[in-house]
1. For segment 94-125, how many residues meet the condition of being of a type in the set (D, E, K, R) and outside any loop (DSSP other than H, G, I, E, B)?
2. Can you find a residue in segment 44-53 that is in contact with a Phe, Trp or Tyr (Cβ under 8 Å, 6 or more places away or on another chain), surrounded by fewer than 18 Cβ atoms within 10 Å (Cβ to Cβ) and at pLDDT below 95?
3. Only one of these conditions is not met by SER7: (1) surrounded by 13 or more Cβ atoms within 10 Å (Cβ to Cβ); (2) at pLDDT below 95; (3) closer than 27 Å to ASP193 by Cα. Which number is it?
4. Residue check, GLY372 against (1) of a type in the set (Gly, Ala, Ser); (2) within 19 Å of the chain's Cα centre (by Cα); (3) at pLDDT below 95, all met but one. Which one?
5. I need the full set of residues from segment 148-173 which are of a type in the set (Ser, Thr, Tyr) and within 22 Å of the chain's Cα centre (by Cα), in order please.
6. Go through (1) in the same structural domain as GLU285 (by the TED database); (2) open to solvent by less than 10 Å² (accessible area, probe 1.4 Å) one by one and return the number of the condition ASP166 breaks.
Amino acid sequence: MRKRKTSAWRSAAAVCALLLTAAGCGSGADDDKGGHAPDKLGKGEGKVNIIAWAGYAEDGSNDPKVDWVHPFEKKTGCQVNTKTAGTSDEMVSLMKTGQYDTVSASGDATLRLIASGDAAPVNTKLVPNYKDIFPALKNQPFNSKDGRMYGIPHGRGANLLMYRTDKVKPAPDSWRAVFDDSARYGGHVTAYDSPIYIADAALYLMRAKPSLGIKNPYALDQKQLDAAVSLLKKQHKAVGEYWSDYQKEITAFKGGDSVIGTTWQVIANLTKAEKAPVKAVLPKEGATGWSDTWMVSAKAEHPNCAYKWLDWIVSPKVNAQVAEYFGEAPSNRKACAETSDPNHCAIFHADDEKYFQRVHFWTTPIKECLDGRKDASCTDYAQWTRAWTEVKG
């Protein structure tokens, strides 16, 4: 649904600059609307209300062989109630209701949840399996603030370039194929349908137009944002459809309606399984990607069961099950020994940090430039949302 710096630069005031979530943010450094992490856990409350991406909380109803919810309920006595969300924006809205205890948030939602006070800091000492999480996933700009973790890393993946090998020749190795050269495939280009996709255009421009001075695809001043939007408007003329439902993209590539565009490794695998002649590559410019984080609501009515869930979902065996079912790299390094496919972690580059160093993981854009600039004001997620609407016409 996905990277590695300290979070010292992210002051409370900077995070509060998110226009979508700034209302009510205090100005004092000690003003922490998200509350405090617990020092210890008590007895489970008997239930836990979860917001999750499809495939993250399977209970056997979709496939009787895929069930890590019922074993959790049996072990802990915490009944799981899951609300499946389709977008990060939906997750943010649902968390604001205070009806849910935990959420599997992507990086384009995490900072919004922290800034609004809807997510609480997490005491990682109360999550025993946290010690085995890959170090490169800890204390990152998208899951921490002021040196405190605001969740437990779940898994990660890159946004790849997929193309039909019978229609796209020569084989592309650059995002140029879907941006500056998109007209070659007029009406058959596909792209991810979200404001965060603006970062993909910015990533390409980092190398294609170095004079713009883009250092971080999530830290764009107005001039840089305008350049990315201009590129996306050019691409829009060649786009046949935007996708957020990966089954929709599989169908489009299988039928030939789409021949090139952004994808996930799991989509590429499933499309190949449908006998479509496709290949997915990590272009020479690198890519954007996601790293999902299980966050706890600041208003959680069942915090003890929520913490039990956090530890369960990143335990080696379960983390392996989720990673294989969803199609991503697990966050727990010990999960690689538990996958049914011994090649899973190699396919998804689970322990290949050189690979992931080329991936710029989704991070919510904020006014304070994430690239460290002090003499500029960057555009935030609200501005990106308006820009995306403009791109799509």
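1. Matching residues across segment 94-125 total 4.
2. Taking every residue of segment 44-53 in turn, none turns out to be in contact with a Phe, Trp or Tyr (Cβ under 8 Å, 6 or more places away or on another chain), surrounded by fewer than 18 Cβ atoms within 10 Å (Cβ to Cβ) and at pLDDT below 95.
3. (3)
4. Of everything listed in (1) of a type in the set (Gly, Ala, Ser); (2) within 19 Å of the chain's Cα centre (by Cα); (3) at pLDDT below 95, GLY372 misses just condition (2).
5. Selection gives TYR150 alone.
6. Answer for ASP166: the failing condition is (2).
A quick yes/no check of all residues on (1) closer than 14 Å to VAL296 by Cβ; (2) surrounded by fewer than 17 Cβ atoms within 10 Å (Cβ to Cβ); (3) over 25 Å from the mean Cα position of the chain (by Cα):
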residue	(1), (2), (3)
LEU41	yes, yes, yes
GLU58	no, no, no
PRO64	no, yes, yes
PRO71	no, yes, yes
SER88	no, no, no
VAL92	no, no, no
MET95	yes, no, no
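Here's the yes/no breakdown for (1) closer than 24 Å to MET149 by Cβ; (2) in the same structural domain as GLN99 (by the TED database):
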| residue | (1), (2) |
| --- | --- |
| LYS279 | no, no |
| PRO283 | no, no |
| ALA298 | yes, yes |
| PRO330 | yes, yes |
| ASN343 | no, yes |
| ILE347 | no, yes |
| ARG373 | no, no |
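The values are calculated or read from the model by the stated rules, or taken from the named source; none is laboratory data. Because the structure is predicted, anything quoted here is derived from the model rather than measured. Here the Cβ is made from the backbone with ideal geometry for all residues, glycine too, and neighbour counts use every protein chain on show. Side chains are part of the model used for accessible areas, which takes the heavy atoms of the whole protein and leaves out ligands, DNA and RNA. Shrake-Rupley method; radii C 1.70, N 1.55, O 1.52, S 1.80 Å.
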